[in-house]
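The structure appears right after this line, and notes come after that.
The values are calculated or read from the model by the stated rules, or taken from the named source; none is laboratory data. Predicted model, so just to flag it, every value in this text is computed and none were measured. When we count neighbours, we look across all protein chains shown, and the Cβ atoms used for this are built from the backbone with ideal geometry, even at glycine.
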Amino acid sequence: MAAYLDSLLLDEPAKWIAELPEYQREPLEKLLKDGLSHDQVAQQWLSASAENTYRFAATNPAGKKDAFLDNLKKELRAFLCGDRKYRKERDGLFGEKGQGRAFVVSAIAVAIAPYLNVAAPVIAPLIALSLASIGKITINAWCGSQKDDVELSSRGDR
Amino acid sequence: MFDFGGVVNVVFAVGRTGPAGVQLAGSAFSLNKAGCFATASHVAGTDDAGLVLCARKLTNLNEYQDTSDSTIQVFPVRILASDPFHDLAVLKAEIPHQTSLALAGADDAPVGTQLSSFGFPHADHGRMVLTRQDTEVGARVLITSGGIKAKHIVLNIQARPGQSGSPIFRSVDGKLVGVLVGSYAPGGGGGISLGGIDPHTLHQTTHAVSAEYLRKMY
């Protein structure tokens, strides 16, 4: 079931970024080229704010807590490693063979976003960065290498 | 000079619905694609739950806006695209509304260019008055955000909370050149607050990000 996603993961990791929409891809590629790690780029995306500029919103924007990236990674791990709550979305995604990385990133973002109280387009680049950081490895091998710090509501769905 | 008479159908307030009603968050404007609107990403935030556009019934900007009338129309929106590096967001509403907006950018606004902005100053106090401000480009600057440099326009005018997301047009032809995002404040401000006002923001150095970055977002 996960063979198609494995084929994407075993390919060049940079392609996860390369297939994002241009407005997301360009700054991420620039920061990666500057030598930042995938995690550092993700943090830049989350904390970006024009220097020496006081924002004139009328309220404090919702979302974006310090632990946000950690929480996102936990949800991504739960999604990829077979948590029951994502079963329907996983089955849907893995049944869509031949779809590109942009589709995979978007589908995962849509599945995870409600658990993080964010809009899917906001986290799509973070999903792409996280998938790129996994490196060339199969899902099962990657899930097996993860610390068991996520309580999966069900295993064996892989 | 460009006739901005139709701007009442272009610029809207952004709000978020909650148990106490709608809390205003900033300004937004209609784009040249059906149902698409732009604002600052820090106005939209990261969660689009309860996010709405707010409008009053106005036929033109010369009409007296009744500040005691709290009746507004709201349209639910979702975040279609968000670019925190350039502080821009595109919102999508399930309505066919669109404009013939001409999208330009900071490159089209040399120093001295006459500009007109439309937004909702003092929205943090619940005031929803669509307000025009005319000014000129004081400088063009590059401002770094998250390690990415972006073109900005310095507007020689004071702005207030609620104006983030306001469109900045060239007064002569109505071309969109920027989106208001805030004002200069050392360190981003927030260190001192007197009656809810940061004294560092009480000046006429307002920042608008170049509208050109919107092009790739919708």
* **Extreme residue, surrounded by the fewest Cβ atoms within 10 Å (Cβ to Cβ), among residues of region A:8-50 that are more than 17 Å from the chain's Cα centre (by Cα) and small (Gly, Ala, Ser)** => A:GLY35
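Filter region A:1-47 for residues that are in a helix (DSSP H, G or I), small (Gly, Ala, Ser) and within 12 Å of A:SER130 (Cα to Cα) and give the result. Break it down into steps so the answer makes sense when it comes.
Pass one, region A:1-47, residues in a helix (DSSP H, G or I): A:3-9, A:14-18, A:22-33, A:38-47.
Next, only the ones that are small (Gly, Ala, Ser) stay: A:3, A:7, A:14, A:18, A:42, A:47.
Of everything in region A:1-47, those that are in a helix (DSSP H, G or I), small (Gly, Ala, Ser) and within 12 Å of A:SER130 (Cα to Cα) turn out to be A:ALA14, A:ALA42.
Pick out the one residue from B:ARG78, B:ARG16 that is at the interface with chain A (Cβ under 9 Å from one of its Cβ atoms), basic (Lys, Arg), in contact with a strand residue (DSSP E or B) (Cβ under 8 Å, 6 or more places away or on another chain) and surrounded by fewer than 18 Cβ atoms within 10 Å (Cβ to Cβ).
B:ARG78
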* Asked: Looking at A:ALA124, A:ALA119, which is the one that is small (Gly, Ala, Ser), within 11 Å of chain B (Cβ to nearest Cβ), within 29 Å of B:PHE12 (Cα to Cα) and without any contact (Cβ under 8 Å) to a residue 40 or more places away in the chain?
  -> A:ALA119
* Asked: Where residues in region B:107-126 are closer than 18 Å to B:ASP66 by Cβ and buried (at least 17 other Cβ atoms within 10 Å of the Cβ), which of them is farthest from the chain's Cα centre (by Cα)?
  -> B:ALA123
* Asked: Restricting attention to region B:22-49, which residues are more than 14 Å from the chain's Cα centre (by Cα), part of a loop (DSSP other than H, G, I, E, B) and more than 9 Å from chain A (Cβ to nearest Cβ)?
  -> B:ASN32, B:LYS33, B:ALA34, B:GLY35
* Asked: So which residues in region A:84-136 are surrounded by fewer than 17 Cβ atoms within 10 Å (Cβ to Cβ) and touching a Ser or Thr at 6+ places or on another chain (Cβ under 9 Å), if there are any at all?
  -> A:ARG84, A:LYS85, A:ARG87, A:ASN117, A:SER133
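I need the strands (runs of 3 or more DSSP E) fully contained in region B:121-218, keeping only those with at least 2 residues that are modelled with pLDDT under 95 and at the interface with chain A (Cβ under 9 Å from one of its Cβ atoms). Write out each step before concluding.
Working: elements: B:131-145, B:148-155, B:167-170, B:176-184, B:206-210.
Where strands (runs of 3 or more DSSP E) fall fully within region B:121-218 and carry at least 2 residues being modelled with pLDDT under 95 and at the interface with chain A (Cβ under 9 Å from one of its Cβ atoms), they are B:176-184.
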